[in-house]
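Note sheet for the following structure.
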Amino acid sequence: MTAPFPHHYEVKLSSPRQGGAELYAAGAPPITGGAPMEFAGRDTWWSPEHLLLSSLSLCLMTTFEAIAAKARLTVLRYDCRAEATLERTGQGLGFTALGLHVQVEVAPADAERAPRLLASAKKHCIVANALRPLVTVDLTVRAPAVAGAA
């Protein structure tokens, strides 16, 4: 059940040293973050760019899970690869492309409903709706045949 609105979220950042930071949210383990390798960061840090893609991926998945549950669609597996392109634009550095490559596995009887439900999830994904440029989603549905089924 959804908590009453409005919802409030908070993340705390603490940087006791030059270059890296710890991110904290109530009840969650801390995340070490900093600049990506492309900006002289470390490959052991979660970068803002990677965290943005993680947020986008996770938001679409959780929105899809909620919509699938309401529609009584059983999702056997959900995988997503997110990618972004950062370029120099007339307004400075910015993302010019954001893409999610989703692969869901469902029962054969549900294979036709899965794309419609994922499209609905994208429409209602609050992170995707907050971003510019337009987020594109590429979906692959797998529906393995049940052993012994005709």
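In debye, nearest 20, what is the charge dipole magnitude of the chain about its Cα centre with +1 on Lys and Arg Cβ and -1 on Asp and Glu Cβ, if you could check?
Here the chain has a charge dipole of around 320 debye.
With θ taken as phi - 60° and the coefficients 6.51, -1.76 and 1.60, list the Karplus ³J(HN,Hα) couplings across region 13-26 in order, rounded to whole Hz; mark glycine and proline as x.
In residue order, the calculated couplings are 10, 10, 10, x, 9, 6, x, x, 8, 9, 10, 10, 9, 3 Hz.
Around Ala35, which amide H atoms from residues at least 5 apart in sequence, or from another chain, sit under 5 Å from its own amide H, with H modelled in the peptide plane?
Excluding prolines and chain starts, which carry no amide H, the hits are Arg42.
For the chain, what does -39500 (n - 2.57) per DSSP helix run (n ≥ 4), summed and divided by total residues, give at 222 nm, in deg cm²/dmol to the nearest 500? Mind showing how you got there, number by number?
On the way: 3 runs with 39 residues, N = 150.
After summing the helix terms and dividing by residue count, I get -8000 deg cm²/dmol.
Pick the calculated Rg and Dmax of the Cα atoms in Å for this structure from [x] 18.5, 63; [y] 15.0, 43; [z] 14.0, 44?
Matching entry in [x] 18.5, 63; [y] 15.0, 43; [z] 14.0, 44: [x].
Pick out which of Leu86, Leu58, Leu98 has the largest mean-square fluctuation in a Gaussian network model of the chain, springs linking Cα atoms closer than 10 Å.
Comparing Leu86, Leu58, Leu98 in a Gaussian network model of the chain, the most mobile one is Leu86.
Please give me, ordered by residue number, the trypsin sites (Lys or Arg not before Pro) of region 54-105 that lie in loop per DSSP and have at most 16 other Cβ atoms within 10 Å.
Those satisfying the criteria are Arg72.
What ranking, highest mean first, results for peptides 5-18, 110-123 when packing means the other Cβ atoms within 10 Å averaged over each residue?
110-123, 5-18
Starting from the Cα of Lys70, draw a straight line to each of the lysines and keep only those under 17 Å, dropping any in the same chain fewer than 8 residues away.
Cross-link targets: Lys122, Lys123.
Taking only protein heavy atoms into account and a 1.4 Å probe, give the accessible area per residue of the chain in Å².
Per-residue value: 70 Å².
Enter the angle in degrees (range 0 to 90, nearest 10) between the Cα long axis of helix 113-124 and the first principal axis of the Cα atoms of the chain, meaning the one along which they spread out most.
Roughly 30 degrees, rounded to the nearest 10.
First compute the accessible area of the chain with a 1.4 Å probe, then give the percent of it belonging to carbon and sulfur atoms.
Carbon-and-sulfur percentage of accessible area, whole number: 57.
Who wins for biggest fluctuation among Pro29, Pro133, Pro108 in a Gaussian network model of the chain, springs between alpha carbons below 10 Å?
Answer for the Gaussian network model of the chain: Pro29.
Pull up the DSSP beta bridges for the chain and report the antiparallel fraction as a percent, rounded to 5.
Taking every DSSP beta bridge with both residues in the chain, the antiparallel ones total about 70 percent.
So how tilted is helix 48-70 from the main axis of the chain? Cα-based, degrees 0 to 90, rounded to 10.
30 degrees
The values are calculated or read from the model by the stated rules, or taken from the named source; none is laboratory data. Nothing here was measured: the structure is a model prediction, and the numbers come from that model. Positions of Cβ are backbone-derived with ideal geometry, glycine not excepted, and every protein chain shown enters the neighbour counts. Calculation scope for accessible area: heavy atoms of the full protein, side chains included, ligands and nucleic acids excluded. Shrake-Rupley method; radii C 1.70, N 1.55, O 1.52, S 1.80 Å.
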